[in-house]
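Structure first, commentary second.
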Amino acid sequence: MIRRASFLFLAVVVISAFAQNSGSQGSSPVSQKPTSTKDVERPKSFDLDAMDKSADPCVDFYQYACGTWRKNNPIPADQSRWGRFNQLAEYNKQVLRGILEKAAADNASRTPVLQKIGDYYHSCMNEQVVNERGSGPLKGDLDRIAAIENRGQLTDTISYLQKKDVNAIFVFSSQPDMHNASVEMAGIRQGGLGLPDRDYYVKEDPKSQETREKYVAHVTRMFVLLGDSEETAKKEAASVMDIETKLAKASLERVKMRDPKNRDHKMKTSELAALAPDFDFPRFFSASGGPAFADVNVVPPEFFQQVNSVIGSTPLADWKSYLRWHRVHASAAVLSDPFVNENFAFFGHYLSGQQELQPRWKRCVDLTDDLLGEALGQPYVTETFGTEGKNRMLEMVNSLEKALGADIQDLSWMSPDTKKQAEVKLKAITNKIGYPDKWRDYSSVEITRDDLLGNTERATDFEVQRQRNKIGKPVDKSEWEMSPPTVNAYYQSAQNDINFPAGILQPPFFDQRQDDAVNFGGIGVVIGHELTHGFDDQGSKFDADGNLRNWWTDKDREEFDKRTGCVADEYSSFVAVDDVHLNGRLTLGENTADNGGVRIGLAALANQRAAKPDSKENQVIEGFTPEQRFFLGYAQIWCENQTPESARLRATVDPHSPGRYRVRGALQNNPDFARAFKCKAGQPMVSANACRVW
Ligand SMILES: [Zn+2]
């Protein structure tokens, strides 16, 4: 979808990978004997056994905090990275499985919500029926593509396929108007690639070339699975690669897309029609359904300009191959085993280094959550989330907001004028905790017990149309972009809100039984991280109302750029894997948020402790001072192992740094860390050129 939010970590668009980041510097232990992640225990919050006390905290704090955990927790065969985040996500998945298995039993006492999720899960788990049907359920769509005879029909078919979330050339949806963020408008955005990023198509290094060869071979095999001859399949795959390479060359780089001004191109639909006359946009929009509109945000115009010439110069037969590929690719995970396995072999195994496909139940839980998340979220919340947790969270959010307010007032580099504006923005931030006040209504989505592809398409169509129907309407600020069981959190510039799904509000992030230091190092830093997103390289360009408006003095903005430049250079020096470095510009927002989150998390903890000087919160516990427990708690959130393939992939597409560097970067910049562990200037965990933005 066209919306943009800053997540705590990211699910990359490669199969249905859940994810955060990792820190592998070459030596990620991979499981000797493949074990699946069944019966995962709920992770502990603060874990002395995870530490490697033989390491020097001032030399490698990540090893000190996580060394034993990393040694004892090799990557399970069905994962490409394994950290405490993943552990919690797997634990949640087991809870969801219990809910879904109960709901899948066909009986008269089910509520309509349980019928939807139960029957969807049932249709997904019914492997025999899915396998018997093979690619049969796609036949109607493939015939439709084969019957295209002219460019008008091509346009109509692209519109038809996009309703099924097929990634055909570009994405059409609603989005908040960047200059009037309370209203939804139409938006189109570059897209249409099968590989995870444009860079895969244009880079000339041997690894990129190898990946392209493997990709073409994969596309070829998928065509063969559809029944095409080897020879035909090869030709079709070559056409796909040719079109996608042209789209990739026309696409704006990921880092440039971070700059809001590159996403701000509102124009009349008539101007769009003039920009790309060879693609019949008026026809496309009317075929797409949804409300009529006069303005559309085009991201970026150059992409559509170049697509226009590709449309004109590419034979219809090639477009048909391209659409045929994307049609099967979009549904590969819900077709029969040969498609599922081939899809996994390329995206899961080759690109991510995952040894084994996840067991079917896990994939089916994920699919139900993706498609019917706010239906599945209802029994999940009832079963797991209490009001007590919500109240304690609200208290913590308030204390973090206070700490950020004080931090802003104390900044030496910012003028009073800009501080005042920042304060206005901070005060306007809305907090959403746990789950939505009003649940999404899926009653119009027909879900039957034995039609996995049909169910998936109807649920997808519902979501695509729901987004498009918003065009011209006020923004609904009560909506959530993540389902309640999700182990993640996000900030959204357009709505200026922070969101914490119920799924993350448990150990290791948040533990009622732990001392404040540990909770502030965990969920406290997460809250601080999301708040800081309102003031990172992207968020700082939006005002309190979510509009793209400059509220900075020129001099303060210059100082901000200098300071974020320091962070970008610092993280660019970190090695992800082999000779691949992190991209400090791609990860700038997240790194800024981590650094700010740690700083204000610690400040909030100090306020909390000052308010109750005699409590146990001010004592040494298990041999560590409150400050030390705060930093250890933070670092242990990020204990993880990752395959080298996954590290390589994420260095290109993930705006988050791997766990190792989320710890090292944020702590080596922080003088309070050095004080807490008595580290001295010149030691590795004390940066000679400490960066600070917030
Ligand atoms: Zn983030």
W82's amide H: which non-local residues (gap 5+, or another chain) put their own amide H closer than 5 Å, with H modeled 1.01 Å from N in plane and none for Pro or chain starts?
N641, Q642
With no solvent and one point per C-alpha, what does the Debye sum give as log10 I(q)/I(0) for segment 581-691 at q = 0.20 Å⁻¹?
-1.11
Determine by what factor the alpha-carbon radius of gyration of segment 536-580 differs from 2.2 N^0.38 Å, reporting the quotient.
1.55
Tilt, helix 230-250 to longest principal axis of the chain (alpha-carbon atoms), in degrees rounded to tens, equals 50
How many nm separate the modelled label positions at R392 and D205, each set 7 Å beyond the Cα in the direction of the Cβ?
4.5
Residue-normalised accessible area of segment 440-559, expressed per residue, 1.4 Å probe, Å²
30
Fraction of beta bridges assigned by DSSP in the chain that are antiparallel (%, nearest 5)
70
Taking Cα atoms, how many degrees apart are the long axis of helix 554-572 and the longest axis of the chain, rounded to 10 and kept between 0 and 90?
80
Sorted by chain and then number, the residues having a modelled amide H within less than 5 Å of the amide H of A168, at least 5 places away or on another chain, are none
Bin by bin, in steps of 10 Å, what percent of the Cα pairs in segment 491-560 do you find, going until the bin that has the longest distance?
19, 37, 25, 16, 3
What FRET efficiency comes out for K71 versus A610 if R0 is 30 angstrom and r is the Cβ-Cβ distance? Round to the nearest 0.05.
0.20
Here the gain from full extension of R549 to N180, 0.36 nm per residue of separation minus their alpha-carbon distance, amounts to 131.8 nm
May I ask for the longest run of the chain untouched by GluC sites (Glu not before Pro) that are loop-located per DSSP and have at most 11 neighbouring C-beta atoms (other than their own) within 10 Å?
205-621
Listed here are the pairs K402/K432; K163/K427; K163/K425; K93/K438; K470/K555; K71/K678; which of them are more than 29 Å apart at the Cα?
K163/K427; K163/K425; K470/K555
With no solvent term and unit scatterers on the alpha-carbon positions of the chain, Debye gives log₁₀ I(q)/I(0) at q = 0.08, 0.09, 0.11 Å⁻¹ of -0.61, -0.79, -1.22
Potential lengthening between D437 and E622 on full extension [0.36 nm per residue; Cα-Cα distance subtracted]:
62.6 nm
Over the chain, what is the relative contact order in whole percent, taking alpha-carbon pairs under 8 Å and six or more residues apart?
24
Descending packing, highest mean Cβ count within 10 Å first, for 274-286, 343-355 is 343-355, 274-286
Based on Cα positions only, what radius of gyration and what Dmax would you give for segment 350-395, in angstroms?
15.9, 45
Please give the direction-averaged projected area of the C-alpha convex hull for segment 392-528, in square nanometres with one decimal.
11.8
On the protein heavy atoms, probe 1.4 angstrom, tell me the percent of accessible surface of the chain carried by carbon and sulfur.
50
Cα gyration tensor shape for segment 450-551, rounded if a/c is under 1.5, else prolate or oblate
oblate
Angle check, please: helix 452-468 long axis (alpha carbons) against the longest principal axis of the chain (alpha carbons), in degrees 0 to 90, nearest 10.
70
If each residue of separation counts as 0.36 nm, what is the full-extension length gain between Q512 and Q465 once their alpha-carbon separation is subtracted?
12.8 nm
Under 17 Å from the Cα of K164, which aspartates and glutamates turn up, not counting those fewer than eight places away in the same chain?
D141, D143, D156, D370, E446, D451, E457, D461, E463
Heavy-atom accessible area per residue - segment 292-436, 1.4 Å, Å²:
37
Each label point is 7 Å from the Cα along the Cα-to-Cβ direction; what then is the distance between the points at K562 and E253, in nm?
2.5
Convex hull (Cα only) mean projected area of segment 63-198, reported in nm² to one decimal
16.0
For segment 579-687, state which trypsin sites (Lys or Arg not before Pro) are in a DSSP loop and have at most 13 other beta carbons lying within 10 Å of their beta carbon.
K678, K680
Estimated FRET transfer efficiency when R0 is 35 angstrom, pair K214-D39 (beta carbons, to 0.05)
0.50
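The values are calculated or read from the model by the stated rules, or taken from the named source; none is laboratory data. Small disclaimer: the values here were computed from a predicted structure and weren't measured. For neighbour counting, all protein chains shown are included, and Cβ atoms are generated from backbone atoms with ideal geometry for every residue, glycine included. Note: accessible area is taken over every heavy atom of the protein model, side chains too, but ligands, DNA and RNA are not part of it. Shrake-Rupley method; radii C 1.70, N 1.55, O 1.52, S 1.80 Å.
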